[in-house]
Amino acid sequence: MNNSKEQIIIVGKYKGFGGVQTIHKNLLRIYKELGYEVFLIDSIKKYINYLFKNKFYSVPKIVFFSGLSLVFSPFFKGNAKHIFFTHGFYIYEGIDNILRVVKKFIYEFSIKFLLGFYKWVICISPSPTSSLVNSVSFSKKVITIPWGVSDEFINFKFKTNTFKYHLVFLGRPNTQKLQISTIRKLVELFKSQEIISSTNEICFAFIVPNVNKHLKFIQDTLAEDYLCSIETFVALDNFKVAEILSQSLYSFNCYEWEAFGLSYIESLCMGCNVLLPITSPILPIIDHINDSPVFKFTNSEFLNHSIIENDLKLSKKRMTIKQINYYRKIFKWEFIVNQIHNLLNKEFY
């Protein structure tokens, strides 16, 4: 496919380890592979340079926005099609954190205000729950299209399908995603189902962008309580992350309201089972399939019902190669981009 005369513009951050940056990097890569001319605009300076060099003699095919970069949308209106990634959503958890409350207010007020004017902008979210919450927040229809994973997770070749780590955590080590009370329940679940015979046998891996006080607290507590093995990996590239995931039995996250979780699908594409709270709104395409490698545990403290117990039978093996290839197929970025283009054709024509 040769689309060298058509332009794709991506407005927003692309440097760093966050979900937004990862999405933008993958959009850049896949559109270049498909033959488009792609522009990344993450600053006023780059925007001005684009205006003077390209704006006056070309019209982009699609312009992607994330977060408050939506404010630039009118400058690209023309005949271009506009996609706004709503990503996740804010909840009222941690209301005592004033900075989070302020950030939530500014973000939601600004986006709702902007979308009230920009009727031509189409909003998409990665999961049905995220689409629903953002639709209510912004009074605008939000369509669900999942995100894809980087090529390193699609093309990684397995030397073996055995595991070294029982539980791996991939992401930012904050109080939402890592909760010691929940992790203790997971350890006891592993013991009760005889995945381990003793808690000191369990081996953890933490793949994080940085080591902070909360992570140190979690690790020190686990080491003291269980005398278990813990390995920490900081700021790894995608290939090294994939390598660790390929040696892990379960990927876990304690956050009850993860909007989608790139780490979930990266883990699935590397053969990890996924262990997460029952309230986590992961894609139904993962929930309903036979022999699903997604296992949801009940956090009775969160639900505030002590009578609710885990009735969960865990797998003692990693996914089969057939299962892994299935997830690699549905979360491949070329497939995701085709869904986006099909959506735009329906909405605009």
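The values are calculated or read from the model by the stated rules, or taken from the named source; none is laboratory data. The structure displayed is predicted, hence computed values, not measured ones. Neighbour counts run over all protein chains shown; Cβ positions are idealised from the backbone, glycine included.
Remarks
- For the range 304-343, the set of residues classified as at pLDDT below 90 and in a helix (DSSP H, G or I) consists of 330 only.
- Condition check for residue 119: surrounded by fewer than 19 Cβ atoms within 10 Å (Cβ to Cβ) and at pLDDT 90 or above: no
- Count of residues meeting criterion [over 19 Å from residue 225 (Cα atoms) and either of a type in the set (Asp, Glu) or assigned to a strand (DSSP E or B) (or both)] in the range 156-181: 1
- The one condition in (1) in contact with a Lys or Arg (Cβ under 7 Å, 6 or more places away or on another chain); (2) farther than 21 Å from residue 319 by Cα that residue 148 fails to fulfil: (2)
- Some residue of the range 195-205 being touching a Leu at 6+ places or on another chain (Cβ under 6 Å) and touching a residue at least 60 places away in the same chain (Cβ under 8 Å): no
- Helices (runs of 4 or more DSSP H) lying entirely in the range 182-295 (those with 3 or more residues that are of a type in the set (A, V, I, L, M), surrounded by 16 or more Cβ atoms within 10 Å (Cβ to Cβ) and modelled with pLDDT of 95 or more): 213-226, 238-245
- Considering the range 66-86, the residues that are part of a loop (DSSP other than H, G, I, E, B) and modelled with pLDDT of 75 or more include one that is surrounded by the fewest Cβ atoms within 10 Å (Cβ to Cβ), namely 78.
- Residue count, the range 122-142 (criterion: surrounded by fewer than 17 Cβ atoms within 10 Å (Cβ to Cβ), closer than 23 Å to residue 337 by Cβ and among the β-branched types (Val, Ile, Thr)): 0
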